[in-house]
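Visitor: Below is a structure I'd like to ask you about.
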Amino acid sequence: MKVLLTGGAGYIGTHTCIELIKSGYEVVVVDNLCNSSADSIKRVEIITGKKISFYKLDIRDKNALVQLFKRETIGGVIHFAGLKAVGESVEKPIQYYENNLCGTIILADVMREFNCKTFVFSSSATVYGDPQTVPIKEDSQLSAVNPYGRSKLMIEEFLQDIFVSDDSWKIAILRYFNPVGAHESGLVGEASNNIPNNLMPYLSQVASGNIDKLKIFGGDYDTPDGTGIRDYVHVVDLAGGHVKALNKLNKKPQILKVNLGTGIGYSVLEMVKAFELASGRKIAFEIVDRRQGDIAISYTDPSYAEESLNWKAKYDLEKMCQDTWRWQSQNPDGYNNTVK
């Protein structure tokens, strides 16, 4: 089966390429490279020993997408493409809705035209907003608190409507918690062009000396140490969840909504200590005002993922930090480093 990965040159996309190829799938990647690098695909080819069909295009370009579907026999789509920074989404809501929501509508329309109805969607735990209780379960109340989360929630509702209108679709909505880590080879990982939006790459940039200190957004949350608590999941575990979802969808038409996380919450200060141990470096930090759109605590109940997909996170926090530091140490300039 040939699987199209939109945004497949990005952080989660590259790791999912690797896991799909290991599981016997063929992959085709499309990416507009607005926040990724084509060099990541070359590195995936080094890791897997397989040539990957790559198309530089924007999924909002319907004509280009149609031409791709005419050229490639696509059996299913894993949809990663989208803008993903919570803070930026608050500043640029039009850009986020236009890119994330409109892009998905165009993609689904082309899929329908070519009778390709297997769809795995990269959603987010942000669709739960500020949860009333934790751990978060799949039937917890949905209430996104920022434009990024709302764009994901709108797409989920759009996909639900598609399935209601035509139950021959096979749809998996995967709600990620906080992806971290990198491939153990050190060849692919999370690259940031500017100051990172996510904690783990920010920590690695401070540890490597590229950034003076970590800014912790909020030290007065109702948590044991005052900093926000999140469920961090290794990106390789997360990638494996997509393979499991695809395998499940191949059995019959259905719509699945599944949380992917470890079920363990760590505070920002706990993450700082863990990264100091993994890197052997001291992490300087300062606590600043809360960031608009952030919440205090978010971690999942992972039991439904195990029940429905036979998926369970394997890697612990130590492994997450070690793999992140290996990636950072070997690639201080991200994908600008040449790999032979």
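Nothing in this text is a laboratory measurement; each read-out follows from the coordinates by a stated rule. Small disclaimer: the values here were computed from a predicted structure and weren't measured. Cβ sites come from the backbone with ideal geometry, for glycine too, and all protein chains shown count toward neighbours.
Visitor: How big is the gap, in Å, between the Cα center of region 144-174 and the Cα center of region 179-215?
Guide: Here the two parts' Cα centres lie 30 Å apart.
Visitor: While we're on this one: Just to confirm a number: summing +1 for Lys and Arg and -1 for Asp and Glu over residues other than Asn259 whose beta-carbon lies under 10 angstrom from that of Asn259, what do you get?
Guide: Numbers: positive: Lys137, Arg175, Lys257; negative: Glu138, Asp231, Asp301.
Local charge sum for Asn259: 0.
Visitor: Let me ask something additional. log10 I(q)/I(0), Debye, Cα-only region 1-88, no solvent, q = 0.19 Å⁻¹?
Guide: Ignoring solvent entirely, the Cα scatterers give -0.80.
Visitor: If you don't mind, another one. Skipping prolines and chain starts, which residues have an amide H placed within reach, meaning under 5 Å, of the one on Ser298, given they are 5 or more residues away or on another chain?
Guide: Ile229, Arg230, Asp231
Visitor: So, one more: Counting only other residues whose beta carbon sits under 14 Å from that of Leu142, what net charge do I get with K and R as +1, D and E as -1? Show your work: numbers first, answer last.
Guide: Details: positive: Lys137, Arg150, Lys152, Arg175, Lys257; negative: Asp130, Glu138, Asp139, Glu156, Glu157.
That sum, taken over residues with Cβ under 14 Å, equals 0.
Visitor: Another question about this same structure. Kindly provide log₁₀ I(q)/I(0) values, in the same order as q = 0.13 Å⁻¹, from the Debye equation applied to equal alpha-carbon scatterers of the chain.
Guide: The Cα Debye sum returns log10 ratios of -0.98.
Visitor: Can you give the local net charge around Ser208? Use residues other than it whose beta-carbon is closer than 11 angstrom to its beta-carbon, Lys and Arg +1, Asp and Glu -1. Please list the in-between numbers first.
Guide: On the way: positive: Arg281; negative: Asp333.
That works out to 0.
Visitor: What residues have an amide H closer than 5 Å to that of Gly10, excluding those fewer than 5 places away on the same chain, when H is modeled at 1.01 Å from N in the peptide plane?
Guide: Excluding prolines and chain starts, which carry no amide H, there are no hits.
Visitor: Within the set Lys50/Lys248; Lys62/Lys257; Lys92/Lys215; Lys22/Lys51; Lys2/Lys312; Lys137/Lys251, which residue pairs have Cα atoms separated by over 18 Å? Show your work: numbers first, answer last.
Guide: Details: Lys50/Lys248 25 Å; Lys62/Lys257 27 Å; Lys92/Lys215 22 Å; Lys22/Lys51 13 Å; Lys2/Lys312 25 Å; Lys137/Lys251 24 Å.
Exceeds cut-off: Lys50/Lys248; Lys62/Lys257; Lys92/Lys215; Lys2/Lys312; Lys137/Lys251.
Visitor: By average Cβ neighbour count within 10 Å, what is the ranking of 135-144, 167-176 from highest down? Before the final figure, lay out the partial values.
Guide: Details: 135-144: 16.3, 167-176: 20.2.
Per-residue mean Cβ counts within 10 Å order the peptides as 167-176, 135-144.
Visitor: May I ask you to sort Cys116, Cys17 by Cβ crowding, counting other Cβ atoms within 10 Å and putting the fewest first? Don't skip to the answer; put the middle values down first.
Guide: On the way: Cys116 19, Cys17 30.
Arranged by neighbour count, lowest to highest, Cys116, Cys17 become Cys116, Cys17.
Visitor: Let me ask something else about it. Could you state the angle between the C-alpha long axis of helix 62-71 and the longest principal axis of the C-alpha atoms of the chain, as a value from 0 to 90 degrees rounded to the nearest 10?
Guide: Rounded to the nearest ten degrees, it is 70.
Visitor: So, one more: Based on the alpha carbon coordinates of region 121-200, what radius of gyration and maximum Cα-Cα distance (Dmax) apply, in Å?
Guide: My reading of the Cα-based Rg and Dmax gives 15.6, 44 Å.
Visitor: Starting from the amide H of Leu4, placed 1.01 Å from N in the peptide plane, find each other amide H under 5 Å away whose residue is 5 or more places distant or on another chain.
Guide: Under 5 Å from the amide H of Leu4: Val28, Gly75, Gly76, Val77, Ile78.
Visitor: Rounded to whole Å, give me the distance from the Cα center of region 255-298 to that of region 82-96.
Guide: Value for the Cα centre distance between the two parts: 21 Å.
Visitor: Something else about it: Could you run the Karplus curve 6.51 cos²θ - 1.76 cosθ + 1.60 with θ = phi - 60° over region 264-270 and give me ³J(HN,Hα) per residue in whole Hz, x for Gly and Pro?
Guide: In residue order, the calculated couplings are 10, x, 10, 7, 4, 5, 5 Hz.
Visitor: Which semi-axis lengths, in whole Å and largest first, follow from the square roots of five times the eigenvalues of the Cα gyration tensor of region 220-321? Before the final figure, lay out the partial values.
Guide: Details: eigenvalues 196, 57, 21 Å².
After scaling each eigenvalue by five and taking roots: 31, 17, 10 Å.
Visitor: Go through region 197-208 residue by residue and turn each phi into a ³J(HN,Hα) via Karplus (6.51, -1.76, 1.60, θ = phi - 60°); whole Hz please, and just put x for glycine and proline.
Guide: 8, 9, 4, 5, x, 5, 4, 5, 5, 5, 4, 7
Visitor: Test of understanding: ordering Ile59, Ile78 by Cβ neighbours within 10 Å, fewest first, what list do you get?
Guide: Values: Ile59 26, Ile78 30.
Lowest to highest Cβ neighbour count: Ile59, Ile78.
Visitor: Here's another thing I want to ask about it. Taking the Cβ of each residue in Asp323, Asp212, Asp316 as the centre, tally the other Cβ atoms inside 10 Å and list the residues starting with the fewest.
Guide: Details: Asp323 24, Asp212 10, Asp316 14.
Listed from fewest to most nearby Cβ atoms, that is Asp212, Asp316, Asp323.
Visitor: Using only Cα atoms, figure out Rg for region 115-263 and give it as a multiple of 2.2 N^0.38 Å.
Guide: Details: Rg = 17.6 Å, N = 149, 2.2 N^0.38 = 14.7 Å.
Against the empirical 2.2 N^0.38 Å value, I get 1.19 for region 115-263.
Visitor: Right, another one. Just to be sure I understand the curve: with the Debye formula and one point per C-alpha of region 187-274, what is log10 I(q)/I(0) at q = 0.18, 0.22, 0.24 Å⁻¹?
Guide: For region 187-274, the Cα-only Debye profile gives -0.93, -1.14, -1.24.
Visitor: Tell me, what does the Kirkwood hydrodynamic radius of region 40-119 come to in angstroms if you use every pair of distinct C-alpha atoms?
Guide: Values: mean 1/r = 0.0698 Å⁻¹.
About 14.3 Å, per the Kirkwood formula over Cα pairs.
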